[in-house]
Amino acid sequence: MRLGFLIRLSRELRGWTLRELEERSGISNALISQIETGRISDPSWHRVVKIARALHLKLDRCAKCGK
């Protein structure tokens with residue numbers, strides 16, 4: 001599954017708008033939208049962590065890629 005799809009699904013399951021996730025994560029809603037739609041397919045780890053924390057998602061580092 002794509003990262004953007006998982007972020008969008010988690011956000012929508014919580015009933016949050018892009019602006020709500022922006023407020024909770026500190027990442028602009030425009031950037032979150034680009035990640036969700038796949039326009040940015042490889043966002044920085046720092047941004048992924050901020051979004052995941054805001055959504056209360058657990059992150060596991062990939063043993064193969066180090067991320």
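Each value in this text was obtained by applying a stated rule to the coordinates, not by laboratory testing. Source: prediction; values computed, not measured. Quick reminder, even Gly has a Cβ in these numbers, built from the backbone with ideal geometry, and neighbours come from all protein chains shown.
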For region 3-54, take the convex hull of the Cα atoms, compute a quarter of its surface area, and give me that in nm², please. 2.9
How much length, in nm to one decimal, is gained on full extension between residue 33 and residue 56, taken as 0.36 nm per residue of separation minus their Cα-Cα distance? 6.4 nm
Net charge near residue 33 (other residues with Cβ under 10 Å of its Cβ; Lys, Arg +1; Asp, Glu -1) is 0
Residue-span extension gain [residue 42 to residue 2] - 0.36 nm each, minus C-alpha spacing: 13.4 nm
